[in-house]
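Below is one structure, written out as structure tokens; comments come after it.
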């Protein structure tokens, strides 16, 4: 799929604001899961589900479990 | 269907009104389910406090009468035992044990129900089991008693039979949801293996809706009446233009579509839903197919209110609502025409107006999927109330011909009968407490099991009143629950009256009758209270009318010894 990294980041930033319930949220490539406010195991799965719906892609269980930073998540989306 | 993400937004809304306490217990991860449930409740304007038990604590919570589940004082306990967890248990069993697996599980479930009945006042919402097969025996499993699919299906069957014997229990049909959405949509493997979540994000709103549909019934928010347009809704074509021979019903054109819809509506009628017609037509032409078309399923006797004229539909629906004396929010209006739908939505926002699909062949599936007609009880042969509502229409017509109200009331030849609550009428009494919104002093909702408790207790006096007149039998039109305080004082806990009999002397009759009984029992004072809701303002002055003294804000008392018998045209049934 031909996806532009910038567009993915913009989409992700809006989505995270919503799902993490944090209007102030800004994307940071190196931000680590569990250190970002609102990015816990529950919201992680919601985030994944929304991304899968948006881009009509599917992540494997292994991929879902091994995402540790926002940057990795973006790369994973782009690789699909 | 509203999405899980939208439900999470609703969850944050502040809503007026008191909380309903709900406990959710599951043997799988229930956090998302609770979030969806909170969101859907608020989406339907209900505040809830939800206690969510820790993962897989059902038995521990229910056995301990001091557990958080009970101490949160729930009105509702939701029990979700997942099929995935069930399978894990199943495979630890021997072949012999597997053959009676469903019976063993249902015994366990029944013991959960008994614990809840003993330790709380909660109603139980038991989710049934999604069915799937492990396919280790292929389709041969369908005739193998020790197979998983055999036992799960049996378990669902047993849930139905046991549920039908238990008034505390309501079954939430998540299997029905899985059937509609498909297993692939309902269950998300990655979600499950990641965190034991057994309902996908896509399916959660449906499950939340199924639960809330029942909660809404407990709050008296049920649909009672289906108002139908005619042309291109109940038949294909336009009767005024095409003529009776050419409308599509039965074998003509897409007639089967409309026949099926009419069959469904007839079934609704038999289950107690009032059917009304609202059509832009000349009345004679509109009625013709009902009287003479051989393929029509619905006939005039199925219709409680038939309105065909050239007024706008909002005015006509308002007229139907007033004539039948039901709430606007208890009406569902179906019409193929988006203009009419929008007009009614605009003018009467409380009326439920389904956004019917364009293709008539999709109407029925769409209407079924919305589950408008949830209910907590079913009266069997006594459910059909069409005759009663039709009689109501005739009374309204005749009312116009009398000079004075008293003349009219006398002409009705009304006779009342008083009974205590009993095993035969308990379900109907409970239904009335759930459904009555207007003439209802305190709007306390009771379930059948609550009513059974009340009627078997020495702390209460109960009265139910039947009324009939020359047009027909109204059935139970009023009920009263009096709670004893001490040997001289008692409290009017509940007084409900059907709006159909308002201002006919029934208020006076009921009060005379209660006072008579209370005096015979030696009581001196009847206390009461008015609890306002946004629907019961009609009773705010009833206490003054009946001779009560106001003794505090919305607090009243009636000295029984000096009570003057009120005038009424209703006579006592000679037994």
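Rule-based calculations on the coordinates, nothing more; no lab input. On a predicted model such as this, the values are computed, not experimentally measured, just so you know. Cβ placement follows ideal geometry from the backbone for every residue including glycine, while neighbour counts extend to all protein chains displayed.
Quick check: Cα centre of segment B:419-461 to Cα centre of segment A:21-80, how many Å?
Each part's Cα centre sits 53 Å from the other's.
Roughly how many nanometres apart are two label points built 7 Å out from the Cα toward the Cβ at residue B:143 and residue B:264?
3.6
Given a Förster radius of 51 Å and the C-beta distance between residue B:183 and residue B:301 as r, what FRET efficiency does 1/(1 + (r/R0)^6) yield to the nearest 0.05? Don't jump to the answer; show the numbers that get you there.
Details: r = 44 Å, r/R0 = 0.86.
So, using R0 = 51 Å, E works out to roughly 0.70.
Where the Cα atoms of the protein assembly as shown are projected onto their three principal axes, how long is each span, largest first, in whole Å?
Over the protein assembly as shown, Cα extents along the principal axes are 85, 71, 59 Å.
At what distance in nm do the modelled label points of residue B:63 and residue B:365 sit from each other, each positioned 7 Å from its Cα along Cα→Cβ?
That separation, rounded to one decimal, is 4.8 nm.
What does the convex hull of the Cα atoms of chain B come to per residue, in Å³, rounded to a whole number? Don't skip to the end; give the middle numbers.
Values: hull volume 109.0 nm³, N = 575.
Per residue, the Cα convex hull of chain B comes to 190 Å³.
Based on alpha-carbon centroids, what's the gap between segment B:271-322 and segment B:328-358 in Å, whole number please?
Cα centroid to Cα centroid, the span is 16 Å.
Express in nm, to one decimal, how much length is gained between residue A:79 and residue A:58 on full extension, taking 0.36 nm for each residue of separation and deducting their alpha carbon distance. Intermediate values should be presented prior to the final figure.
Numbers: separation 21, 0.36 × 21 = 7.56 nm, distance 1.13 nm.
Taking 0.36 nm per residue and subtracting the Cα distance, the gain is 6.4 nm.
If R₀ is 35 angstrom, what is the calculated FRET efficiency for the pair residue B:399 and residue B:291, using the beta carbon separation as r and rounding to 0.05?
Values: r = 26 Å, r/R0 = 0.75.
Calculated value: 0.85.
Quick one: grab the alpha carbon gyration tensor of segment B:159-240, order the square roots of its eigenvalues as a ≥ b ≥ c, and give me rounded if a/c is under 1.5, else prolate or oblate depending on whether a/b is larger than b/c. All intermediate terms of the calculation are to be shown ahead of the outcome.
Numbers: a/c = 2.72, a/b = 1.52, b/c = 1.79.
The shape class here is oblate.
If each of residue B:410 and residue A:13 carries a label point 7 Å out from its Cα toward its Cβ, how far apart are those two points in nm?
Result: 8.4 nm between the two label points.
Which value at 222 nm does the protein assembly as shown reach when only helices count, each DSSP H run of 4 or more adding -39,500 (n - 2.57), with the total divided by all residues and rounded to the nearest 500 deg cm²/dmol? It would help to have the intermediate numbers written out before the result.
On the way: 28 runs with 279 residues, N = 655.
So the helix-based figure for the protein assembly as shown works out to -12500 deg cm²/dmol.
Please sort B:251-258, B:168-175, B:357-364, B:199-206 by packing, taking for each peptide the average over its residues of neighbouring beta carbons within 10 angstrom, highest first. Please list the in-between numbers first.
Working: B:251-258: 16.8, B:168-175: 20.2, B:357-364: 14.0, B:199-206: 22.8.
By packing density, highest mean first, the sequence is B:199-206, B:168-175, B:251-258, B:357-364.
Count the DSSP beta bridges whose two residues both fall in the protein assembly as shown, then state the antiparallel fraction as a percent rounded to the nearest 5.
45
Given the Cα-Cα distance of residue B:95 and residue B:55 and 0.36 nm per residue of separation, how much length would full extension add, in nm? Don't jump to the answer; show the numbers that get you there.
Details: separation 40, 0.36 × 40 = 14.40 nm, distance 2.88 nm.
Extending this stretch completely gives an extra 11.5 nm.
Can you tell me the order of B:181-193, B:263-275 when each peptide is scored by its average per-residue count of other Cβ atoms within 10 angstrom, highest first?
On the way: B:181-193: 16.0, B:263-275: 18.2.
Peptide ranking by packing, descending: B:263-275, B:181-193.
Name the residue, out of A:47, A:61, A:12, whose mean-square fluctuation peaks in a Gaussian network model built on chain A with Cα pairs under 10 Å.
Top of the fluctuation ranking is A:61.
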